[in-house]
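What follows is a single structure, written as structure tokens, with notes after it.
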Amino acid sequence: MSITKERELAPPGVSPVTGKADPLAPIGLRSRYEPNKRRFDKLGPLEKIYLFWIVGASCDGCTIALTGATNPGVEDLMAGNVPGLPKVEVIHTVVSVESGPEWVHNLFMADRGELDAPFVIVWEGSVMDETISGDGYWMGLGEDPETGRQITSLEWLTRLAPKAAATFAIGTCAAWGGIPAADGNVTGAMGVMDYLGKDYRSAFGLPVINVPGCSPIGDNFVETAAAVLLFLQGLAPLPEFDELGRPAWLFDETVHRHCPRAGYYEEGVFAEEYGDKECLVELGCWGPVVQCNIAERGIVNGMGGCMQMGGICIGCTMPGFPDKFSPFYATSPGHLLSSTTSRITGSFIRRLRRLTVADKNTSTRWDEDVPSGWARFRGAPRGAMKVAHRFYHAWQRRGQSYN
Ligand code: SF4
Ligand code: SF4
């Protein structure tokens, strides 16, 4: 029997040669025939879920950022190694085995409701307005096999988003429009939320979930996705999102509050040039007004991050980015008031703290003399310093009795 004939007779997604899952068939077909070896890890009712990663006006930075995720790693989600979470079948133009029409076939299956498990959409990049693309198109993704008509990525978003269990916008371009939507934008670029509208709800009743950042922190995305999957599993409540659809526990604080340089800001000490260790606000840092968690989380596995590496915050997670933070590397209008105030109060506080540090660096035994070869020219505190330390001790122990 010819291979062609055998292929016709073989069940869809099954290799006519091996009788096992055909590695080049659309994953929506072949995964039906893959035995679930880790069944014992499954706590919830879903054994798997499909994830369609669709790209608009993007630099692929979000895809790269995702590979840096560690808690959990993408590979663990794909392998079904995370207890309680379904195995995630990723359908991504870069990592999928199949390509071309075989890849696009997965989208048709999802649209026709032929997949054997629910699916979610992750959209990377801005959504460009195809109504102003003229005779061409901005973002093409496959053809209709019967008519040869070009299908755009936007058409897939329109068709699939209402059927998806959840729609994620990863990165600032997908969430708010980002760089492609900056002043001078001729493509009508916008975020997924802008395009789908405020009445949009997924098949499971969720508005668009936004994980911004340019590029975003990979762990921010997988943590959010994992939390939503637990909700879809019925194992956890819906995690808390803010009014813009951001995971609230990741974006409710300003980056400034957790910045390793925040102590310098508070004492009114500022960097004069890149490479200095102090607060960068006078070089143009917007950290005090930007909601971002990179100061705590780092960029990959707890390492790196903007201010940690000497860079200023340019507000890349915010809906106003980039226009409302331009020009970059110039001081913000608000810095004059806040940093001048810090400078005035900080100069006073710094002196008081130096006084206290000197006291705390002296044991009570050394109040008369410090027996250190390193400090042989420094005697015990005298004069005004001695009076200040005595006053400090008295104040510290007021109301206490040791009798
Ligand atoms: S470098 Fe930026 S975020 Fe850090 S303390 Fe200074 S102003 Fe705040
Ligand atoms: S610190 Fe600022 S520039 Fe850096 S990732 Fe956060 S929002 Fe973006």
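Read-outs: derived from the displayed coordinates by stated rules, not from any lab. Remember, predicted model here, so these are calculated numbers, not experimental data. With ideal geometry, Cβ positions are generated from the backbone for all residues, glycine too; neighbour counts draw on all protein chains shown.
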Report summary line: Quick P(r) readout (the chain; Cα-Cα; 10 Å bins; whole %) gives 4, 18, 23, 18, 13, 9, 7, 4, 2, 1, 0
Report task. Please check which bits of region 252-292 a label hung off Asn361 would reach, taking the label as a point 7 Å along Cα-to-C-beta and the cut-off as backbone N under 12 Å. Result -> none
Report task. Work out from phi, with θ = phi - 60° and the Karplus expression 6.51 cos²θ - 1.76 cosθ + 1.60, the ³J(HN,Hα) of each residue of region 326-343, listed in order in whole Hz, and give x for Gly and Pro. Result -> 8, x, 5, 6, 10, 5, 6, x, x, 5, 4, 5, 6, 6, 5, 4, 4, 5
Requested in this report: Would you work out if region 318-390 is rounded, prolate or oblate? Take a ≥ b ≥ c from the square roots of the eigenvalues of the alpha-carbon gyration tensor; rounded if a/c is under 1.5, else prolate when a/b is larger than b/c, oblate otherwise.
Outcome: prolate
Requested in this report: Report the extension gain between Asp116 and Thr331 in nm, rounded to one decimal, defined as 0.36 nm multiplied by the number of residues separating them, less their alpha carbon distance.
Outcome: 72.0 nm
Query raised in the report: Where in region 195-303 are there chymotrypsin sites (Phe, Trp or Tyr not before Pro) that are in a DSSP coil and have at most 15 other Cβ atoms within 10 angstrom of their Cβ?
Result: Tyr200, Phe204
**Report entry** Relative contact order for the chain, counting Cα pairs under 8 Å that sit 6 or more residues apart, in percent
**Finding:** 12 percent
Report summary line: Note to self, the chain gives a 222 nm [θ] from helices alone (DSSP H runs n ≥ 4, -39500 (n - 2.57) apiece, / all residues, nearest 500) of -8500 deg cm²/dmol
Query - Other-chain or far-sequence residues with amide H under 5 Å of Phe119's (modelled H) - result: Tyr50, Ala165
**Report entry** ³J(HN,Hα) computed for each position of region 126-138 - Karplus, 6.51 cos²θ - 1.76 cosθ + 1.60, integer Hz, glycine/proline x
**Finding:** 6, 9, 8, 7, 6, 6, 10, 8, x, 7, x, 8, 7
Requested in this report: Quick one: what are the phi-derived ³J(HN,Hα) couplings along region 247-260, Karplus 6.51/-1.76/1.60 with θ = phi - 60°, whole Hz, x for glycine and proline?
Outcome: x, 4, 6, 9, 10, 8, 10, 7, 5, 4, 5, 10, 5, x
Query - Student exercise, region 239-296 dipole from Lys, Arg, Asp, Glu Cβ charges, in Debye to nearest 20 - result: 120 debye
Query raised in the report: Where nothing but the Cβ of Lys and Arg (+1) and of Asp and Glu (-1) is charged, how large is the charge dipole of the chain around its Cα centre, in debye to the nearest 20?
Result: 2420 debye
Query raised in the report: So between Thr67 and Leu238, what do we pick up on full extension, going 0.36 nm a residue minus the alpha carbon distance?
Result: 59.0 nm
Query raised in the report: Say each of Ala182 and Leu24 gets a label point 7 Å from the Cα, pointing the same way as Cα to Cβ; how far apart are those two points in nm?
Result: 4.3 nm
Query - Cα-based shape type of region 86-183, given that a ≥ b ≥ c are square roots of the gyration tensor eigenvalues and the cut on a/c is 1.5 - result: oblate
Query raised in the report: Given a Förster distance of 56 angstrom, what is the FRET efficiency for Ala203 paired with Glu368, based on the Cβ-Cβ distance and rounded to 0.05?
Result: 0.10
Query raised in the report: region 144-228: which trypsin sites (Lys or Arg not before Pro) are DSSP loop and have at most 16 other beta-carbon atoms within 10 angstrom?
Result: Arg149, Lys198, Arg201
Report task. Can you work out the PRE-style zone for Trp395? Point 7 Å along Cα to Cβ, and I want the residues of region 349-376 with backbone N under 13 Å. Result -> 349-357
Requested in this report: Set the Förster radius R0 to 51 Å, insert the Cβ-Cβ distance between Leu352 and Ile132 as r into 1/(1 + (r/R0)^6), and round the FRET efficiency to 0.05.
Outcome: 0.25
